[in-house]
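A.B. asks: The structure under discussion is supplied below as structure tokens; questions concerning it will follow.
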Amino acid sequence: MSSILTAKKVMAKEENLECSFCGRKKSETDLLIAGMDAHICDKCIEQAHGIVEEEVSEAISGSLAKEIILKKPLEIKTFLDQYVIGQDETKKQCLLLFIIITKDLLR
């Protein structure tokens with residue numbers, strides 16, 4: 001008889017579980033993960049994941065912007081002239097691609 005009461009208490013406890021972040025009941029979620037002293041639902045996990053992705057991408061792009069110093073096209077061409085003889089059309093195409101790619105990285 002005591003094992004039945006214990007099972008009922010455990011089931012009652014499980015039904016009362018809720019997300020420690022948003023307060024959703026276990027029955028309202030697809031997944032409820034238990035931690036040491038808290039629970040988190042699948043919706044809060046998705047939201048937290050989105051926040052982390054956004055923060056990481058901002059940090060990466062911010063650090064890239066600090067590290068990349070854009071040279072003027074003429075400076076780059078002068079540098080290329082030191083190592084490549086002739087081929088002016090190819091140098092112009094390289095400069096254009098370099099500028100496009102670095103601007104894309106800084107976005």
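The values are calculated or read from the model by the stated rules, or taken from the named source; none is laboratory data. For clarity, every value in this text was computed on a predicted model and none was experimentally measured. In this analysis, Cβ positions are derived from the backbone assuming ideal geometry, glycine residues included, and neighbour counts consider all displayed protein chains.
A.B. asks: Looking only at region 18-55, how many residues end up being at pLDDT below 90 and in contact with a Cys (Cβ under 7 Å, 6 or more places away or on another chain)?
C.D. replies: 0
A.B. asks: Looking at region 43-58, which of the residues that are among the β-branched types (V, I, T) and under 8 Å from the mean Cα position of the chain (by Cα) is farthest from S27 (Cα to Cα)?
C.D. replies: Start the filter on region 43-58 by keeping residues that are among the β-branched types (V, I, T), which leaves 45, 51-52, 56.
Next, only the ones that are under 8 Å from the mean Cα position of the chain (by Cα) stay: 51-52, 56.
Details: I51: 25, V52: 27, V56: 33 Å.
Looking at residues that are among the β-branched types (V, I, T) and under 8 Å from the mean Cα position of the chain (by Cα), I get V56.
A.B. asks: Go through region 69-84 and count every residue that is more than 30 Å from E58 (Cβ to Cβ), of a type outside the set (K, R) and either surrounded by 11 or more Cβ atoms within 10 Å (Cβ to Cβ) or modelled with pLDDT of 85 or more (or both).
C.D. replies: Qualifying residue count, region 69-84: 7.
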